[in-house]
Amino acid sequence: MGMLDGHVALLTGAAGGIGLAAARALMADGARVMLADIDGVRLGDAASALGEGAAATPLDVTSRQSWKAAVDATVSRFGSLTILVNSAGISEPADIETLGDDAWDRHLAINLSGVVYGMQAAAPAMKASGKPCAIVNVASMLSMRPGAPFVAYCASKAGMVMASKSAALHFANSGIPIRVNTVHPGAIRTPMFERYLAMVDDRAAAEASFAANHPMGRVGEADEVAQAILFLASPRSSFTTGAELPVDGAGHIRD
Ligand SMILES: NC(=O)c1ccc[n+]([C@@H]2O[C@H](COP(=O)([O-])OP(=O)(O)OC[C@H]3O[C@@H](n4cnc5c(N)ncnc54)[C@H](O)[C@@H]3O)[C@@H](O)[C@H]2O)c1
């Protein structure tokens, strides 16, 4: 028996990286998974690789209409929706002097509004499932401590964390069995991390400098974040809601 037998998860940003690793972890514990992403090509490959029990639906998290279609597709394919993992996100470096309007708007639309829209779209289907449900939102170490070159990223993720806590409180106050928690990765080896390394000439030096931000002396792996997501999505965390779980080798408390 898997801990998540009978559960159905919708995961965003699931064409790769942390979202796909989380889908694998939830499936290994018995959940059926709907992978959602704006990148339709990688999304189809990811769902095929996961096989039976996985399906894919295109999703632009910035569109409420797209969210409705993704939730409907999940319920129509698997019969219910009990877990939502919001992993879709972007990170484009810019400090307060270099930040442009487009980049600011993009971060807020995807990293903040995208998560709020998702919680709103999923809640009615979760309530209709009649089961204890969980939402896990992927924030960042950079929502717990600032990074000068990431002003839009930090602000959008911090806003998303407060929206998550507010939602958690609302559901708890209302007796609605939906828990909402956030995970806070440090630097994790995914396509997003690879894009950062590709911006510099000396990859080894860049990776060493990322590793140095984490007192454990290394960057993390996507599955290490996936295991934290699995915990927060599962009944093992049944009395935990509105919480922040760092997965960053002590990065958020470094000197
Ligand atoms: N990798 C890291 O070092 C790191 C660190 C802290 C937090 N995070 C967060 O973890 C989450 C996952 O990141 P990752 O490292 O797996 O990166 P990634 O780039 O591999 O994955 C992000 C996914 O989001 C998708 N996406 C982007 N815009 C979208 C939209 N409008 N609608 C739907 N999907 C969209 C992309 O296509 C991509 O597949 C992100 O929210 C990121 O901010 C990552």
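The values are calculated or read from the model by the stated rules, or taken from the named source; none is laboratory data. Not measured: the values here are computed from a predicted model. FYI the Cβ positions are ideal-geometry reconstructions off the backbone, even for glycines, and counts take in every protein chain you see. All accessible areas refer to the heavy atoms of the entire protein, side chains included, with ligands and DNA or RNA removed. Shrake-Rupley method; radii C 1.70, N 1.55, O 1.52, S 1.80 Å.
See the values below:
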| read-out | value |
| --- | --- |
| Longest segment of the chain lacking GluC sites (Glu not before Pro) that sit in a DSSP loop with at most 15 other Cβ atoms within 10 Å | 98-255 |
| Mean separation of Cα contacts under 8 Å, 6 or more apart, over the residue count of the chain: relative contact order % | 19 |
| Relative contact order, percent, the stretch 1-74 [alpha-carbon distance under 8 Å, six or more residues apart] | 28 |
| Helix-only mean residue ellipticity at 222 nm for the chain, each DSSP H run of n ≥ 4 adding -39500 (n - 2.57), per residue, nearest 500 | -14000 deg cm²/dmol |
| Within straight-line cross-link reach of Lys165, lysines at Cα separation under 19 Å, skipping those fewer than 8 residues along the same chain | Lys127, Lys157 |
| FRET efficiency, 1/(1 + (r/R0)^6) with R0 30 Å, evaluated for Met3 and Ala172 via beta carbons | 0.85 |
| Calculated log₁₀ intensity ratio I(q)/I(0) where the Debye formula runs over C-alpha points of the chain, q = 0.13 Å⁻¹ | -0.77 |
| Label point distance in nm, Ala128-Arg218, each placed 7 Å from Cα along Cα→Cβ | 4.5 |
| Charge context of Ser164, other residues only, Cβ under 14 angstrom, K/R +1, D/E -1 | +2 |
| Probe 1.4 Å, accessible area per residue of the stretch 1-118, Å² | 42 |
| Between the stretch 92-128 and the stretch 204-224, the alpha-carbon center distance in angstrom | 26 |
| Solvent-accessible area, 1.4 Å probe, carbon plus sulfur percent, for the stretch 8-244 | 57 |
| Linear extension gain, Arg236 paired with Ala204, 0.36 nm per residue minus alpha-carbon span | 7.7 nm |
| Within the stretch 25-62, backbone nitrogen closer than 20 Å to the virtual label 7 Å beyond the Cα of Ala94 toward Cβ | 61-62 |
| Stretch gain in nm, segment Tyr196-Arg77, where the contour uses 0.36 nm per residue and the Cα spacing is subtracted | 39.2 nm |
